[in-house]
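Here's the structure, in structure tokens; my notes come after.
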Amino acid sequence: MADSRPEIYVDADACPVREEVLRVAERHGLVVHLVSNRGFRTTDRPNVRNVLVSDRLDAADDWIAERIGPGDVAVTGDIPLAARCLERGARVLDHKGKPFTEQGIGMALAMRDLMSDLRAMGEVSGGGPGFTKQDRSRFLEALERAVRP
């Protein structure tokens with residue numbers, strides 16, 4: 001980070017709040033890194049870095065985790081990536097605005113593993129609840145808080 005302003009790193013492949021991130025970043029004059037291995041419609045905004053990584057498993061996660069620093073903000077639903085970003089001193093939000101914290105990341109990782117095991121055994125199927133307008137609003141509020149000094 002060249003100055004005291006955070007940069008925002010977005011795990012962009014499955015991110016439902018890309019436009020919200022871009023609006024907040026533009027309002028605060030922050031750099032955004034949209035990191036993807038699938039590619040998506042890019043933007044030519046001067047504060048946005050469109051990063052296309054290989055399709056290797058976890059390539060986007062590795063790119064983000066290697067570059068994010070203290071005070072930066074990560075936006076991801078990927079719990080192992082969230083843990084890696086927290087280790088680097090970053091703030092981390094999921095797509096619904098819920099912050100990942102040092103105190104809670106261990107439990108989040110354990111629940112992720114448990115749910116994965118239950119799905120593998122056929123005990124649980126399907127995803128969680130859908131993404132709502134309230135989720136989008138919560139995310140915007142959380143991101144505004146996260147980027148302020």
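Computed from the coordinates by the stated procedures, all read-outs in this text should not be read as laboratory data. Since we're looking at a predicted model, the values are computed, not measured. Backbone-built Cβ (ideal geometry, glycine too); neighbour counts: all protein chains shown.
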- [ ] Among VAL92, ALA60, VAL31, flag the residue with its Cα farthest along the positive direction of the charge dipole of the stretch 24-93, charges on Cβ as +1 for Lys/Arg and -1 for Asp/Glu.
- [x] VAL31
TODO: Go ahead and collect, in residue order, the members of the stretch 4-27 whose backbone nitrogen is under 20 Å from a label point 7 Å along the Cα-Cβ direction of GLU66.
DONE: 7-13
Open item on the list: Need the full-extension length gain, GLN134 to THR101, defined as separation in residues times 0.36 nm minus the C-alpha distance. One decimal, nm.
Closed with: 9.7 nm
